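Data first, discussion second: the structure below is written as structure tokens.
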Amino acid sequence: MRGRLPALGSIAAVAVLIAVLPFTLSSYNVSLVAQVGIFFVAVLGLNILTGYSGQISIGHGAFMAIGGYTSAVMSRDHHTNLIVTMLMAFAICFVLGLLVGLPALRLSGAYLALATFALAISVPQLPLQWSTFLGGTGGVQSHTTVSDRWIYGAAWSCSAILFLLAWLILRGRVGRAFRAVRDSEIAATASGIELSLYKTLAFGISAAYAGVAGVLFVMATNGFAQPTEFGIILSLQILIGAAVAGLGSLWGILAGAAFVGLLPQVSTSVPVIGSDHGRDVVFGLMVVLVMLALPDGFAGLLARLRALVRA
Amino acid sequence: MALLTLDQARLRFGGIVALDDVSLAVEEGSIAGLIGPNGAGKTTAFNAITRLYRLDSGDVIFDGRSLRHTRPSRVVRLGIARTFQNLELFPRLTVLENVLVGAHVSSRFRRERDVRRDALETLAAVGCAEHANRPAAGLPFGTLKRVELARALAAKPRVLLLDEPAGGLNHEEVDELAGLIRHLRDERELTILLVEHHMRLVMQLCDHVHVLDFGKTIASGIPAHVQRDPAVIEAYLGGELAA
Ligand SMILES: Nc1ncnc2c1ncn2[C@@H]1O[C@H](COP(=O)(O)OP(=O)(O)OP(=O)(O)O)[C@@H](O)[C@H]1O
Ligand SMILES: [Mg+2]
């Protein structure tokens, strides 16, 4: 996302592939690839926070929950158009992200991880607290439900728009300020960069992205928002996706999103250990393998391969 | 008129008084030296001026206004840029990007293309243009010191604080650096405060020298006088000044 728009050729190729896929895939597979699109949005957002501004969050599932519930409740109570609920989720999560970013200013590393972890744990409890408004354990059913194809289109359109938005934000002065804060707070301050502004801004933007992903996520479960769907595993999935992605290249984020979007589905068909445990075990193992094999994520791997080819 | 003043600046770290009622004034357009043995409080003075450290008492006055309530990130916006003794670069940014971050306060609402062109020119002015697209991490110390200088210049400051710019340079390179600093001062109408152990550089460049020892001012004046001051010779044990 840095510098020039990544080679227009590869973007066009990806876009065409994604546009053609639904006509060749079964409905089940369409929903799988739609799932990847949903994670693309969330991973892209978290990448701005971790990769660019150098902050961590194990709590982005919480923002997905807030986005998803925002959409479901608006749809249930006011039959609001889903596009409008998406914009609303974006705005609400942006503001909440800024607010979460404020206390996060005083924390770093492991403490920030713990604080955001607490967020991931506590937000899914809110529907149980306010069960009349948020449906309790039973969840909230949106008024509108949509087809797999619709979700597929929505997920990848959001991906494209938000990728472009991220590129616009990150390519110049603001993106450099994020990375400066990540590399040296002292030098960033001496260069006139207000740490609190840029750190909270990164939180706000990445939370807004998670909010949109949350709306799509709820649509993909027949418009049904349920507290259990937004557990800590979801937050970890986004974080792992961002780790696989590395530093913000289109290919890296695609790889990260595909990894966390597809693997849990694929790994349910493991023999012997059964579907439930198979999913957890395979996921865990792959995570360890990825961390070992791709310390800088998929983007780092690509860079190393390119260096090899040139040498 | 003095552009930058420390007024009765006092700062202690536990038992150590790093700045003990230090008053110094830097005339507009001059090159002033701040010298003293290790631990004298020179870097602390820079950190106090740039508001990284808060003074216990006393004040920093820039262009007639107190910086007592100025946020650290505002200092460069007002016109004071600095370099660091032990380098504070952005290792994962390229050399050019480091300079572009330096232009953060001077590039608002400007076109990216123009900002980049200026940054490249600034890099060329300090002789680092050929490293523009390399990551900052991994370049030699002396090169990185000049990259930091370029980053500070990119802010288009009025005052430049240089903390040991000659660190890691040989004799020849030090003379070259002296020429560069003087040239920058003239061309960009800068006022420079320089911390340096390299006495040749200080004596060559400075219009005025201020000497600290254990946080206290022990001498202040033109280089020729300061060099012969018994208190200064005593502080340095005759060593570095004679060289
Ligand atoms: N953040 C800090 N915490 C505690 N003590 C400090 C701190 N910064 C500086 N000091 C102490 O203040 C005194 C002055 O340090 P300073 O770094 O200003 O010296 P200096 O003149 O720059 O020396 P050098 O020539 O070695 O760079 C030293 O005794 C140092 O240990
Ligand atoms: Mg020092």
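The values are calculated or read from the model by the stated rules, or taken from the named source; none is laboratory data. Bear in mind that the values here come from a model prediction, so they are computed numbers and not experimental data. Cβ atoms come from the backbone with ideal geometry, glycine included; neighbour counts cover every protein chain shown. Just so you know, the surface numbers come from the protein's heavy atoms only, side chains and all, with ligands and any DNA or RNA stripped out. Shrake-Rupley method; radii C 1.70, N 1.55, O 1.52, S 1.80 Å.
Ligands, DNA and RNA aside, B:ASP175 has an accessible area near 60 Å² when probed at 1.4 Å. Given +1 at the Cβ of Lys and Arg, -1 at the Cβ of Asp and Glu and no other charges, the dipole of the range A:18-232 around its Cα centre is 380 debye to the nearest 20. Between 0 and 90 degrees, the angle of helix B:112-125 with respect to the longest Cα principal axis of chain B falls at about 50 degrees.
Separation between the B:ILE16 and B:ALA231 pseudo-spin-labels, each 7 Å from Cα along Cα→Cβ, expressed in nm? It works out to 2.2 nm between the two label points. Simple rule: put +1 on each Lys or Arg Cβ and -1 on each Asp or Glu Cβ in the range A:18-232, find the dipole, and look at A:ALA190, A:TYR69, A:PHE40; the Cα lying farthest toward the positive end is A:ALA190.
In order along the range A:33-41, the phi-based Karplus estimate (6.51 cos²θ - 1.76 cosθ + 1.60, θ = phi - 60°) of 3J(HN,Hα) comes to 5, 4, 4, 4, x, 5, 5, 4, 4 Hz; Gly and Pro are listed as x. In order along the range B:43-57, the Karplus-derived 3J(HN,Hα) couplings, from 6.51 cos²θ - 1.76 cosθ + 1.60 at θ = phi - 60°, round to 5, 4, 4, 4, 5, 6, 4, 8, 6, 5, 10, 9, 5, 6, 7 Hz, and Gly and Pro are given as x. Across peptide B:42-53, the average count of Cβ atoms from other chains found within 10 Å of a residue's Cβ is 1. Counting only protein chain heavy atoms and rolling a 1.4 Å probe, the accessible areas of B:LYS42, B:LYS156, B:LYS216 rank, largest first, as B:LYS156, B:LYS216, B:LYS42.
Amide H contacts of A:GLY246: A:PHE298, A:ALA299, each under 5 Å away and 5 or more positions distant or on a separate chain (H built 1.01 Å from N in the peptide plane; Pro and chain starts excluded). The A and B chains share an interface that buries close to 2000 Å² of accessible area, total over both sides, probe 1.4 Å. Listed peptides B:7-19, B:116-128 appear in the order B:116-128, B:7-19 once ranked by packing, highest mean of other Cβ atoms within 10 Å at the front. Phi angles of the range A:216-232 translate, via the Karplus equation with coefficients 6.51, -1.76, 1.60 and θ = phi - 60°, into HN-Hα couplings of 4, 4, 5, 4, 6, 9, 6, x, 10, 8, 9, x, 5, 5, 10, x, 5 Hz per residue; Gly and Pro are given as x. Taking Cβ atoms as reference points and 15 Å as the exclusive limit, the residues near B:THR217 contribute a net charge of -3, counting Lys and Arg as +1 and Asp and Glu as -1. Post the alpha-carbon centroid distance, the range B:11-31 to the range B:171-223, in whole angstrom. Each part's Cα centre sits 16 Å from the other's. A Förster radius of 51 Å, combined with the Cβ-Cβ distance separating A:THR144 from A:GLU185, puts the computed FRET efficiency at roughly 0.65. Relative to the longest principal axis of the Cα atoms of chain B, the long axis of helix B:171-188 makes an angle of roughly 70 degrees. Rounded if a/c is under 1.5, else prolate if a/b is larger than b/c, else oblate: which is the range B:89-154, with a ≥ b ≥ c the root eigenvalues of its Cα gyration tensor? Prolate shape, in that a/c is at least 1.5 and a/b is the bigger ratio. Measure nothing but the geometry: give the 0 to 90° angle between the long axis through the Cα atoms of B:141-154 and the longest principal axis through the Cα atoms of chain B, rounded to 10°. Once rounded, the angle reads 80 degrees. For the peptides B:43-52, A:205-214, the ranking by packing is A:205-214, B:43-52, with the highest mean count of neighbouring Cβ atoms within 10 Å listed first.
Dipole magnitude of chain B about its Cα centre, charges +1 at Lys/Arg Cβ and -1 at Asp/Glu Cβ only, in debye to the nearest 20?
1200
Oblate is the label for the range A:18-232, because the ratio a/c of its alpha-carbon gyration tensor axes (a ≥ b ≥ c) is 1.5 or higher and a/b is not greater than b/c. Summing +1 for each Lys or Arg and -1 for each Asp or Glu, what net charge is found among the other residues whose Cβ lies under 14 Å from the Cβ of A:LEU201? Once all neighbours under 14 Å are counted, the net charge is +4.
With all protein chains in place and a 1.4 Å probe, the accessible surface of the range A:18-232 carries 68 percent carbon and sulfur.
If Lys and Arg each add +1 and Asp and Glu each add -1, what is the summed charge of the other residues whose beta carbon sits under 14 Å from the beta carbon of B:LEU161?
That works out to +2.
Zone of B:ARG188 (label point 7 Å along Cα→Cβ, backbone N under 12 Å): which residues in the range B:62-91? What the label zone holds, given the 12 Å backbone N cut-off, is B:80-83. With N counted as the residues of the protein assembly as shown, its alpha-carbon radius of gyration over 2.2 N^0.38 Å works out to 1.17.
What is the magnitude of the charge dipole of the protein assembly as shown about its Cα centre, with +1 placed on the Cβ of each Lys and Arg, -1 on the Cβ of each Asp and Glu, and no other charges, expressed in debye to the nearest 20?
Numbers: 45 positive and 40 negative charges, 270 e Å.
Roughly 1300 debye for the protein assembly as shown.
Each peptide in B:75-84, A:189-198, A:123-132 receives the mean, over its residues, of other Cβ atoms within 10 Å, and ordering these scores from highest gives B:75-84, A:189-198, A:123-132.
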